[in-house]
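Engineer: My questions all concern the structure below.
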Amino acid sequence: MQEQLRQLRAEKRAKPVFAIRPWTFDFDEAQRLAHRSGKPIFAYFTRSYSP
């Protein structure tokens, strides 16, 4: 099941929207970048409901 979730994540990250601007998947890093640049954070949270 974990391998399937990794594959789905890789497929999602391969979409063009993720290539337009740099993305980070580390919230702490996003906070540092936002603080440094003075820009807000656009966050997209999701969760797997797998057992």
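The values are calculated or read from the model by the stated rules, or taken from the named source; none is laboratory data. This structure is a prediction, so every number in the text was calculated from the model and none was measured. All Cβ positions, glycine included, derive from the backbone under ideal geometry; neighbour counts span all protein chains shown.
Engineer: Would you mention how many residues in segment 16-51 are closer than 21 Å to Gln2 by Cβ and of a type in the set (Lys, Arg)?
Structural biologist: 1
Engineer: Determine whether Ala19 is in contact with a Ser or Thr (Cβ under 6 Å, 6 or more places away or on another chain), of a type in the set (A, V, I, L, M) and surrounded by 10 or more Cβ atoms within 10 Å (Cβ to Cβ).
Structural biologist: Against the criterion (in contact with a Ser or Thr (Cβ under 6 Å, 6 or more places away or on another chain), of a type in the set (A, V, I, L, M) and surrounded by 10 or more Cβ atoms within 10 Å (Cβ to Cβ)), Ala19 does not qualify.
Engineer: Provide a single number: the residues in segment 27-51 that are among the charged types (D, E, K, R) and surrounded by 10 or more Cβ atoms within 10 Å (Cβ to Cβ).
Structural biologist: 2
Engineer: Out of segment 24-34, which residues are closer than 25 Å to Ala14 by Cβ and either of a type in the set (Lys, Arg) or in contact with a helix residue (DSSP H, G or I) (Cβ under 8 Å, 6 or more places away or on another chain) (or both)?
Structural biologist: Thr24
Engineer: Listed residues Ser48, Ser37; which is hydroxyl-bearing (Ser, Thr, Tyr), free of Cβ contacts under 8 Å to residues at least 60 places away in the same chain and in contact with a helix residue (DSSP H, G or I) (Cβ under 9 Å, 6 or more places away or on another chain)?
Structural biologist: So the residue among Ser48, Ser37 that is hydroxyl-bearing (Ser, Thr, Tyr), free of Cβ contacts under 8 Å to residues at least 60 places away in the same chain and in contact with a helix residue (DSSP H, G or I) (Cβ under 9 Å, 6 or more places away or on another chain) is Ser48.
Engineer: Moving on. Just checking, how many residues over segment 27-42 are modelled with pLDDT of 90 or more and not in a helix (DSSP H, G or I)?
Structural biologist: Count: 4.
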